[in-house]
1. In whole Hz, with x marking every Gly and Pro, tabulate ³J(HN,Hα) for segment B:136-143 from phi via Karplus 6.51 cos²θ - 1.76 cosθ + 1.60, θ = phi - 60°.
2. Apply the Karplus parameterisation 6.51 cos²θ - 1.76 cosθ + 1.60, with θ equal to phi minus 60°, to every residue of segment A:27-37 and state each ³J(HN,Hα) to the nearest whole Hz, in sequence, with x for glycine and proline.
3. Could you tell me the number of lysine pairs in chain B with C-alpha atoms less than 21 Å from each other, where the two lysines are 8 or more residues apart or belong to different chains?
4. Between A:I164 and A:S73, take the C-beta separation as r, use R0 = 25 Å, and let me know the FRET efficiency to the nearest 0.05.
5. So what is log10(I(q)/I(0)) for chain B at q = 0.08, 0.11 1/Å, when the Debye sum runs over its Cα atoms only?
6. Shortest first and in nm to one decimal, what separations exist between A:G176 and its copies in the other chains, measuring from label points 7 Å along the Cα-to-beta-carbon line?
7. What is the distance in Å between the Cα centroid of segment A:112-161 and that of segment B:103-161?
8. So, in nm, how far is label A:Q171 from label B:Q188 when the simple model puts each one 7 Å beyond its Cα toward the Cβ?
Protein chains: 2
Amino acid sequence: MAGQDIEKLIKICAKLPSLGTRSARRVVLHLIKKRETVLQPLIEALRDVEHNIKTCEICGNFDTTSPCAVCSSEKREKNTVCVVQDVADLWAMERAGFYHGQYHVLGGVLSALDGISPEDLNIETLLSRIRNNMITEVILALPATIDGSITSNYLVSRLKEFDIKITTLAQGIPIGAELDYMDDGTLQLALNSRKEM
Amino acid sequence: MAGQDIEKLIKICAKLPSLGTRSARRVVLHLIKKRETVLQPLIEALRDVEHNIKTCEICGNFDTTSPCAVCSSEKREKNTVCVVQDVADLWAMERAGFYHGQYHVLGGVLSALDGISPEDLNIETLLSRIRNNMITEVILALPATIDGSITSNYLVSRLKEFDIKITTLAQGIPIGAELDYMDDGTLQLALNSRKEM
(Lines give C-alpha, C1' and ligand atoms only; values in the text may rest on other atoms or scores of the structure.)
Protein backbone atom coordinates (compact mmCIF):
# COMPACT_ATOMS: atom_id res chain seq x y z
CA MET A 1 0.00 0.00 0.00
CA ALA A 2 2.87 2.40 0.72
CA GLY A 3 6.52 2.18 -0.25
CA GLN A 4 8.55 -0.64 1.30
CA ASP A 5 10.73 1.91 3.07
CA ILE A 6 7.65 3.35 4.79
CA GLU A 7 6.36 -0.10 5.78
CA LYS A 8 9.74 -1.00 7.28
CA LEU A 9 9.89 2.22 9.30
CA ILE A 10 6.33 1.73 10.55
CA LYS A 11 7.23 -1.80 11.68
CA ILE A 12 10.26 -0.58 13.65
CA CYS A 13 8.32 2.29 15.22
CA ALA A 14 5.39 0.04 16.13
CA LYS A 15 7.70 -1.99 18.39
CA LEU A 16 8.80 1.02 20.42
CA PRO A 17 7.30 1.35 23.91
CA SER A 18 3.98 3.27 24.07
CA LEU A 19 3.54 2.98 20.29
CA GLY A 20 1.42 0.46 18.38
CA THR A 21 0.89 0.00 14.66
CA ARG A 22 -1.75 2.70 14.48
CA SER A 23 0.25 5.38 16.29
CA ALA A 24 3.44 4.32 14.47
CA ARG A 25 1.65 5.05 11.19
CA ARG A 26 0.66 8.49 12.46
CA VAL A 27 4.23 9.20 13.56
CA VAL A 28 5.69 8.11 10.21
CA LEU A 29 3.19 10.19 8.22
CA HIS A 30 4.01 13.16 10.42
CA LEU A 31 7.74 12.64 9.79
CA ILE A 32 7.25 12.42 6.02
CA LYS A 33 5.15 15.59 6.03
CA LYS A 34 7.67 17.52 8.13
CA ARG A 35 10.84 16.30 6.48
CA GLU A 36 12.96 19.38 7.14
CA THR A 37 11.55 20.47 10.48
CA VAL A 38 11.12 17.11 12.24
CA LEU A 39 12.55 14.13 10.34
CA GLN A 40 16.00 15.56 9.75
CA PRO A 41 16.49 16.92 13.30
CA LEU A 42 15.27 13.56 14.64
CA ILE A 43 17.82 11.60 12.59
CA GLU A 44 20.53 14.04 13.73
CA ALA A 45 19.56 13.67 17.42
CA LEU A 46 19.36 9.87 17.17
CA ARG A 47 22.84 9.72 15.66
CA ASP A 48 24.22 11.99 18.38
CA VAL A 49 22.77 9.66 21.01
CA GLU A 50 24.05 6.61 19.16
CA HIS A 51 27.60 7.97 19.06
CA ASN A 52 27.88 9.91 22.31
CA ILE A 53 25.92 8.09 25.00
CA LYS A 54 27.80 5.78 27.33
CA THR A 55 26.75 3.64 30.29
CA CYS A 56 28.35 4.98 33.48
CA GLU A 57 30.94 2.46 34.70
CA ILE A 58 30.14 3.27 38.33
CA CYS A 59 26.36 3.56 38.68
CA GLY A 60 24.92 2.39 35.34
CA ASN A 61 23.35 5.75 34.36
CA PHE A 62 23.37 6.85 30.71
CA ASP A 63 25.33 10.01 29.95
CA THR A 64 27.77 11.54 27.48
CA THR A 65 30.60 10.82 29.92
CA SER A 66 31.55 7.82 32.06
CA PRO A 67 31.62 8.28 35.04
CA CYS A 68 28.36 10.17 34.56
CA ALA A 69 27.64 13.75 35.68
CA VAL A 70 26.14 12.51 38.99
CA CYS A 71 29.07 10.22 39.88
CA SER A 72 31.71 12.78 38.94
CA SER A 73 30.02 15.77 40.61
CA GLU A 74 32.01 17.27 43.48
CA LYS A 75 28.88 18.72 45.04
CA ARG A 76 27.06 15.46 45.75
CA GLU A 77 27.23 13.48 48.99
CA LYS A 78 29.53 10.53 48.51
CA ASN A 79 28.38 8.30 51.36
CA THR A 80 24.74 7.67 50.43
CA VAL A 81 23.76 5.33 47.59
CA CYS A 82 20.20 5.11 46.27
CA VAL A 83 19.51 1.78 44.56
CA VAL A 84 17.01 2.03 41.69
CA GLN A 85 15.62 -0.50 39.27
CA ASP A 86 16.23 1.41 36.08
CA VAL A 87 17.81 4.55 34.60
CA ALA A 88 14.24 5.90 34.20
CA ASP A 89 13.86 5.84 38.01
CA LEU A 90 17.19 7.62 38.45
CA TRP A 91 15.99 10.33 36.05
CA ALA A 92 12.68 10.60 37.94
CA MET A 93 14.56 11.16 41.23
CA GLU A 94 16.83 13.73 39.57
CA ARG A 95 13.84 15.56 38.09
CA ALA A 96 12.33 15.86 41.58
CA GLY A 97 15.68 17.41 42.49
CA PHE A 98 15.76 16.84 46.27
CA TYR A 99 18.23 13.94 46.46
CA HIS A 100 21.92 14.81 46.52
CA GLY A 101 23.64 11.45 46.98
CA GLN A 102 24.88 8.74 44.64
CA TYR A 103 22.86 6.17 42.64
CA HIS A 104 23.19 2.55 41.69
CA VAL A 105 21.13 1.18 38.78
CA LEU A 106 20.25 -2.46 39.48
CA GLY A 107 19.08 -3.12 35.92
CA GLY A 108 15.87 -4.88 36.98
CA VAL A 109 14.36 -6.73 39.93
CA LEU A 110 14.40 -10.42 40.84
CA SER A 111 11.60 -12.27 39.11
CA ALA A 112 10.88 -15.98 39.09
CA LEU A 113 8.38 -15.43 36.28
CA ASP A 114 10.81 -13.62 33.99
CA GLY A 115 13.73 -15.80 35.09
CA ILE A 116 15.76 -12.93 36.55
CA SER A 117 18.17 -14.14 39.22
CA PRO A 118 20.72 -12.18 41.33
CA GLU A 119 23.48 -12.77 38.74
CA ASP A 120 21.45 -10.85 36.15
CA LEU A 121 21.44 -7.70 38.30
CA ASN A 122 24.25 -5.26 39.13
CA ILE A 123 24.55 -6.56 42.70
CA GLU A 124 28.25 -7.45 42.82
CA THR A 125 29.20 -3.97 41.63
CA LEU A 126 27.01 -2.52 44.40
CA LEU A 127 28.75 -4.66 47.03
CA SER A 128 32.19 -3.70 45.79
CA ARG A 129 31.22 -0.01 45.76
CA ILE A 130 30.18 -0.30 49.42
CA ARG A 131 33.32 -2.27 50.23
CA ASN A 132 35.71 0.22 48.62
CA ASN A 133 34.05 3.55 49.44
CA MET A 134 32.89 5.31 52.55
CA ILE A 135 29.23 4.38 52.05
CA THR A 136 27.20 4.83 55.23
CA GLU A 137 23.64 4.48 53.94
CA VAL A 138 21.98 2.47 51.18
CA ILE A 139 18.46 3.63 50.21
CA LEU A 140 16.44 0.93 48.46
CA ALA A 141 14.15 2.76 46.01
CA LEU A 142 12.81 -0.26 44.17
CA PRO A 143 9.25 -0.54 42.83
CA ALA A 144 6.47 -1.13 45.39
CA THR A 145 5.61 -4.47 43.78
CA ILE A 146 6.03 -8.04 45.02
CA ASP A 147 9.14 -8.51 42.87
CA GLY A 148 10.46 -5.18 44.10
CA SER A 149 10.08 -6.06 47.77
CA ILE A 150 11.53 -9.56 47.23
CA THR A 151 14.54 -7.86 45.67
CA SER A 152 14.77 -5.38 48.55
CA ASN A 153 14.70 -8.23 51.08
CA TYR A 154 17.36 -10.10 49.12
CA LEU A 155 19.57 -6.99 49.05
CA VAL A 156 19.12 -6.51 52.82
CA SER A 157 20.40 -10.07 53.36
CA ARG A 158 23.41 -9.43 51.13
CA LEU A 159 24.16 -6.08 52.79
CA LYS A 160 24.15 -7.53 56.32
CA GLU A 161 27.90 -8.02 56.27
CA PHE A 162 28.45 -4.25 56.13
CA ASP A 163 28.04 -1.89 59.06
CA ILE A 164 25.74 0.52 57.20
CA LYS A 165 22.24 1.93 57.47
CA ILE A 166 19.75 0.36 55.03
CA THR A 167 16.54 2.28 54.36
CA THR A 168 13.65 2.07 51.93
CA LEU A 169 11.16 4.61 50.58
CA ALA A 170 8.06 5.25 52.71
CA GLN A 171 4.85 3.70 51.43
CA GLY A 172 1.35 5.16 51.78
CA ILE A 173 -1.17 7.44 50.10
CA PRO A 174 0.47 9.55 47.38
CA ILE A 175 0.06 13.32 47.59
CA GLY A 176 -3.09 14.56 45.88
CA ALA A 177 -4.77 11.14 45.83
CA GLU A 178 -8.46 10.59 46.57
CA LEU A 179 -8.97 7.83 49.12
CA ASP A 180 -11.76 6.13 47.18
CA TYR A 181 -9.44 5.68 44.21
CA MET A 182 -6.73 3.92 46.25
CA ASP A 183 -6.50 0.13 46.24
CA ASP A 184 -7.25 -1.81 49.44
CA GLY A 185 -3.61 -2.81 49.98
CA THR A 186 -2.40 0.78 50.00
CA LEU A 187 -5.22 1.88 52.32
CA GLN A 188 -4.45 -0.92 54.79
CA LEU A 189 -0.74 -0.19 54.68
CA ALA A 190 -1.31 3.54 55.14
CA LEU A 191 -3.60 2.89 58.11
CA ASN A 192 -1.19 0.45 59.74
CA SER A 193 1.72 2.86 59.32
CA ARG A 194 -0.30 5.88 60.49
CA LYS A 195 1.66 8.64 62.19
CA GLU A 196 0.77 10.83 65.15
CA MET A 197 0.25 14.47 64.25
CA MET B 1 20.03 15.09 34.72
CA ALA B 2 20.98 13.20 31.57
CA GLY B 3 23.33 14.16 28.78
CA GLN B 4 22.33 17.08 26.57
CA ASP B 5 22.09 14.76 23.58
CA ILE B 6 19.50 12.66 25.39
CA GLU B 7 17.51 15.71 26.47
CA LYS B 8 17.44 17.01 22.91
CA LEU B 9 16.23 13.66 21.54
CA ILE B 10 13.52 13.41 24.21
CA LYS B 11 12.31 16.91 23.29
CA ILE B 12 12.03 16.03 19.60
CA CYS B 13 10.30 12.71 20.31
CA ALA B 14 7.87 14.33 22.77
CA LYS B 15 6.49 16.47 19.95
CA LEU B 16 5.64 13.50 17.73
CA PRO B 17 1.95 12.54 17.50
CA SER B 18 0.75 10.09 20.19
CA LEU B 19 3.88 10.70 22.28
CA GLY B 20 4.27 13.00 25.27
CA THR B 21 7.29 13.76 27.44
CA ARG B 22 6.79 10.67 29.57
CA SER B 23 6.47 8.21 26.70
CA ALA B 24 9.25 9.98 24.79
CA ARG B 25 11.54 9.30 27.75
CA ARG B 26 10.57 5.62 27.70
CA VAL B 27 11.21 5.43 23.97
CA VAL B 28 14.62 7.08 24.26
CA LEU B 29 15.70 4.83 27.14
CA HIS B 30 14.59 1.83 25.11
CA LEU B 31 16.62 3.04 22.14
CA ILE B 32 19.75 3.56 24.25
CA LYS B 33 19.40 0.11 25.76
CA LYS B 34 18.89 -1.58 22.38
CA ARG B 35 21.49 0.33 20.42
CA GLU B 36 22.33 -2.39 17.92
CA THR B 37 18.93 -4.06 17.58
CA VAL B 38 16.62 -1.02 17.55
CA LEU B 39 18.41 2.34 17.44
CA GLN B 40 20.64 1.58 14.47
CA PRO B 41 17.90 -0.05 12.33
CA LEU B 42 15.62 2.90 13.19
CA ILE B 43 18.19 5.46 12.02
CA GLU B 44 18.73 3.42 8.86
CA ALA B 45 14.98 3.22 8.14
CA LEU B 46 14.46 6.93 8.82
CA ARG B 47 17.24 7.83 6.40
CA ASP B 48 15.77 5.54 3.73
CA VAL B 49 12.44 7.30 4.12
CA GLU B 50 14.12 10.72 4.11
CA HIS B 51 15.92 9.97 0.85
CA ASN B 52 13.48 7.75 -1.04
CA ILE B 53 9.94 8.91 -0.29
CA LYS B 54 8.26 11.24 -2.75
CA THR B 55 4.81 12.84 -2.91
CA CYS B 56 2.89 11.41 -5.87
CA GLU B 57 2.45 14.17 -8.47
CA ILE B 58 -0.98 12.84 -9.43
CA CYS B 59 -2.82 11.88 -6.24
CA GLY B 60 -0.66 13.18 -3.36
CA ASN B 61 0.14 9.74 -1.87
CA PHE B 62 3.59 9.07 -0.39
CA ASP B 63 5.64 6.39 -2.13
CA THR B 64 9.13 5.58 -3.39
CA THR B 65 8.02 6.47 -6.89
CA SER B 66 6.00 9.32 -8.39
CA PRO B 67 3.45 8.54 -9.80
CA CYS B 68 2.83 6.20 -6.88
CA ALA B 69 2.14 2.45 -7.08
CA VAL B 70 -1.63 3.05 -7.08
CA CYS B 71 -1.59 5.67 -9.84
CA SER B 72 0.80 3.70 -12.05
CA SER B 73 -0.88 0.31 -11.57
CA GLU B 74 -2.33 -1.17 -14.76
CA LYS B 75 -4.78 -3.27 -12.80
CA ARG B 76 -6.74 -0.47 -11.17
CA GLU B 77 -9.90 1.13 -12.54
CA LYS B 78 -9.03 4.45 -14.09
CA ASN B 79 -12.44 6.11 -14.10
CA THR B 80 -13.24 6.25 -10.38
CA VAL B 81 -11.53 8.70 -8.02
CA CYS B 82 -11.90 8.47 -4.24
CA VAL B 83 -11.25 11.83 -2.55
CA VAL B 84 -9.69 11.48 0.93
CA GLN B 85 -8.57 14.03 3.49
CA ASP B 86 -5.13 12.60 4.16
CA VAL B 87 -2.61 9.96 3.08
CA ALA B 88 -3.52 8.10 6.30
CA ASP B 89 -7.07 7.66 4.99
CA LEU B 90 -5.76 6.43 1.64
CA TRP B 91 -3.67 3.83 3.50
CA ALA B 92 -6.69 2.80 5.58
CA MET B 93 -8.73 2.20 2.40
CA GLU B 94 -5.85 0.24 0.86
CA ARG B 95 -5.49 -1.90 3.99
CA ALA B 96 -9.17 -2.82 3.76
CA GLY B 97 -8.30 -3.89 0.22
CA PHE B 98 -11.70 -3.76 -1.45
CA TYR B 99 -11.34 -0.53 -3.45
CA HIS B 100 -9.70 -0.77 -6.85
CA GLY B 101 -9.96 2.75 -8.26
CA GLN B 102 -7.86 5.90 -8.05
CA TYR B 103 -7.36 8.30 -5.13
CA HIS B 104 -7.02 12.00 -4.63
CA VAL B 105 -5.53 13.35 -1.40
CA LEU B 106 -7.15 16.67 -0.55
CA GLY B 107 -4.60 17.53 2.14
CA GLY B 108 -7.20 18.61 4.70
CA VAL B 109 -10.78 19.83 4.93
CA LEU B 110 -12.22 23.35 4.85
CA SER B 111 -12.17 24.89 8.30
CA ALA B 112 -13.11 28.40 9.32
CA LEU B 113 -11.55 27.79 12.73
CA ASP B 114 -8.17 26.67 11.39
CA GLY B 115 -8.32 29.16 8.51
CA ILE B 116 -8.26 26.51 5.78
CA SER B 117 -9.84 27.79 2.58
CA PRO B 118 -10.30 26.07 -0.82
CA GLU B 119 -6.94 27.40 -2.07
CA ASP B 120 -5.15 25.46 0.67
CA LEU B 121 -6.51 22.13 -0.57
CA ASN B 122 -5.66 20.12 -3.69
CA ILE B 123 -8.94 21.01 -5.39
CA GLU B 124 -7.64 22.49 -8.66
CA THR B 125 -5.56 19.37 -9.31
CA LEU B 126 -8.70 17.26 -8.73
CA LEU B 127 -10.68 19.36 -11.21
CA SER B 128 -7.96 19.12 -13.85
CA ARG B 129 -7.71 15.34 -13.32
CA ILE B 130 -11.45 15.06 -13.99
CA ARG B 131 -11.21 17.41 -16.96
CA ASN B 132 -8.34 15.56 -18.62
CA ASN B 133 -9.16 11.92 -17.82
CA MET B 134 -12.11 9.63 -18.36
CA ILE B 135 -13.38 10.01 -14.78
CA THR B 136 -16.99 8.86 -14.41
CA GLU B 137 -17.40 8.78 -10.62
CA VAL B 138 -15.98 10.78 -7.71
CA ILE B 139 -16.41 9.18 -4.29
CA LEU B 140 -16.17 11.70 -1.45
CA ALA B 141 -14.63 9.81 1.50
CA LEU B 142 -14.08 12.77 3.81
CA PRO B 143 -14.42 12.59 7.61
CA ALA B 144 -17.97 12.42 9.02
CA THR B 145 -17.50 15.73 10.82
CA ILE B 146 -19.03 19.15 10.24
CA ASP B 147 -15.90 20.38 8.47
CA GLY B 148 -15.85 17.18 6.43
CA SER B 149 -19.44 17.57 5.23
CA ILE B 150 -18.95 21.29 4.52
CA THR B 151 -16.01 20.29 2.34
CA SER B 152 -18.04 17.57 0.64
CA ASN B 153 -20.81 20.07 -0.14
CA TYR B 154 -18.28 22.56 -1.47
CA LEU B 155 -16.76 19.89 -3.70
CA VAL B 156 -20.21 18.92 -5.01
CA SER B 157 -20.78 22.54 -6.03
CA ARG B 158 -17.41 22.66 -7.80
CA LEU B 159 -18.00 19.33 -9.53
CA LYS B 160 -21.41 20.35 -10.92
CA GLU B 161 -19.86 21.46 -14.21
CA PHE B 162 -18.86 17.86 -15.02
CA ASP B 163 -21.20 15.16 -16.17
CA ILE B 164 -20.11 12.62 -13.54
CA LYS B 165 -21.58 10.64 -10.66
CA ILE B 166 -20.73 12.04 -7.22
CA THR B 167 -21.15 9.70 -4.26
CA THR B 168 -20.23 9.71 -0.59
CA LEU B 169 -19.62 6.97 1.97
CA ALA B 170 -22.71 5.57 3.73
CA GLN B 171 -23.23 6.71 7.31
CA GLY B 172 -24.74 4.65 10.11
CA ILE B 173 -23.91 2.20 12.88
CA PRO B 174 -20.42 0.72 12.39
CA ILE B 175 -20.12 -3.07 12.27
CA GLY B 176 -19.71 -4.64 15.70
CA ALA B 177 -20.95 -1.54 17.57
CA GLU B 178 -23.24 -1.71 20.60
CA LEU B 179 -26.23 0.61 20.20
CA ASP B 180 -25.94 2.04 23.72
CA TYR B 181 -22.39 3.20 23.00
CA MET B 182 -23.39 5.14 19.87
CA ASP B 183 -23.96 8.90 20.04
CA ASP B 184 -27.46 10.32 19.50
CA GLY B 185 -26.60 11.83 16.13
CA THR B 186 -25.49 8.52 14.67
CA LEU B 187 -28.54 6.71 16.06
CA GLN B 188 -30.90 9.29 14.59
CA LEU B 189 -29.13 9.21 11.24
CA ALA B 190 -29.14 5.40 11.17
CA LEU B 191 -32.86 5.33 12.00
CA ASN B 192 -33.73 7.94 9.38
CA SER B 193 -31.71 6.11 6.72
CA ARG B 194 -33.09 2.70 7.69
CA LYS B 195 -33.30 0.12 4.91
CA GLU B 196 -35.95 -2.48 4.20
CA MET B 197 -34.73 -6.04 4.71
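1. 10, 9, 10, 9, 8, 10, 8, x
2. For segment A:27-37, the Karplus curve yields 4, 5, 4, 4, 5, 5, 5, 10, 4, 6, 8 Hz.
3. Numbers: B:K8/B:K33; B:K8/B:K34; B:K11/B:K33; B:K11/B:K34; B:K78/B:K160; B:K78/B:K165.
Lysine pairs satisfying the spacing and distance rule in chain B number 6.
4. Details: r = 22 Å, r/R0 = 0.87.
It comes to 0.70.
5. The computed values of log10 I(q)/I(0) come out as -0.41, -0.73.
6. Copy-to-copy label distances for A:G176: 3.5 nm.
7. The two parts, judged by their Cα centres, are 63 Å apart.
8. Between A:Q171 and B:Q188, the simple spin-label model gives 5.3 nm.
The values are calculated or read from the model by the stated rules, or taken from the named source; none is laboratory data. All of these numbers come straight from a predicted model, not from anything done at the bench. For neighbour counting, all protein chains shown are included, and Cβ atoms are generated from backbone atoms with ideal geometry for every residue, glycine included. All accessible areas refer to the heavy atoms of the entire protein, side chains included, with ligands and DNA or RNA removed. Shrake-Rupley method; radii C 1.70, N 1.55, O 1.52, S 1.80 Å.
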